[in-house]
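Undergrad: One structure, as structure tokens, below. Some questions next.
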Amino acid sequence: MRARTALLVAAAVPVTIAVAAAVLKAGHWNLHADRHRIHLTPVARRSCPDCRGAGGWWTGGPFPEMEACGCWSERPELHIRLLPIPAPADEPPF
């Protein structure tokens, strides 16, 4: 029974990772994960009629600036904290 359960878990992990990657790509999200947090940021859509996947455009004038497209800039970033970030020590270690 334990061998069968271990085999099912071992088979489910790669499938879960593949599905999660497909969902993130379809939803236009960029994933960054480390031991302290999981950070999801929106990505510009290639099918956007305004920016065509470039993420924005340059405004004219003597000081041009990049104006972000709403296909990604108006979507919130998602942060999930996993472990607290340790506070820096007040004293040197040695």
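The values are calculated or read from the model by the stated rules, or taken from the named source; none is laboratory data. Since the structure is predicted, the reported quantities are computational estimates derived from the model, not experimental observations. Backbone-built Cβ (ideal geometry, glycine too); neighbour counts: all protein chains shown. Side chains are part of the model used for accessible areas, which takes the heavy atoms of the whole protein and leaves out ligands, DNA and RNA. Shrake-Rupley method; radii C 1.70, N 1.55, O 1.52, S 1.80 Å.
Undergrad: Of everything in the range 4-39 that's surrounded by 12 or more Cβ atoms within 10 Å (Cβ to Cβ) and of a type in the set (D, E, K, R), which residue is farthest from Glu74 (Cα to Cα)?
TA: Arg37
Undergrad: Right, another one. Could you count how many residues in the range 53-74 are open to solvent by 90 Å² or more (accessible area, probe 1.4 Å) and over 27 Å from Ala20 (Cβ atoms)? Can you show your working first?
TA: Of all residues in the range 53-74, those open to solvent by 90 Å² or more (accessible area, probe 1.4 Å) come to 57-58, 62-63, 65-66, 74.
Those still in the list that are over 27 Å from Ala20 (Cβ atoms) too: 57-58, 62-63, 65-66.
Residues flagged as open to solvent by 90 Å² or more (accessible area, probe 1.4 Å) and over 27 Å from Ala20 (Cβ atoms) within the range 53-74 amount to 6.
Undergrad: Still on this model: Taking the condition among the acidic types (Asp, Glu) and open to solvent by 90 Å² or more (accessible area, probe 1.4 Å), does Asp50 pass? Spell out how you get there, then give the answer.
TA: Values: among the acidic types (Asp, Glu): yes; open to solvent by 90 Å² or more (accessible area, probe 1.4 Å): yes.
Yes: the conditions hold for Asp50.
Undergrad: Is the range 26-47 home to any residue that is small (Gly, Ala, Ser) and over 18 Å from the mean Cα position of the chain (by Cα)?
TA: Within the range 26-47, the first condition is being small (Gly, Ala, Ser), and the residues that meet it are 26-27, 33, 44, 47.
In the following step, the residues that additionally are over 18 Å from the mean Cα position of the chain (by Cα) were identified as 47.
So far as the range 26-47 goes, yes, one or more of its residues are small (Gly, Ala, Ser) and over 18 Å from the mean Cα position of the chain (by Cα).
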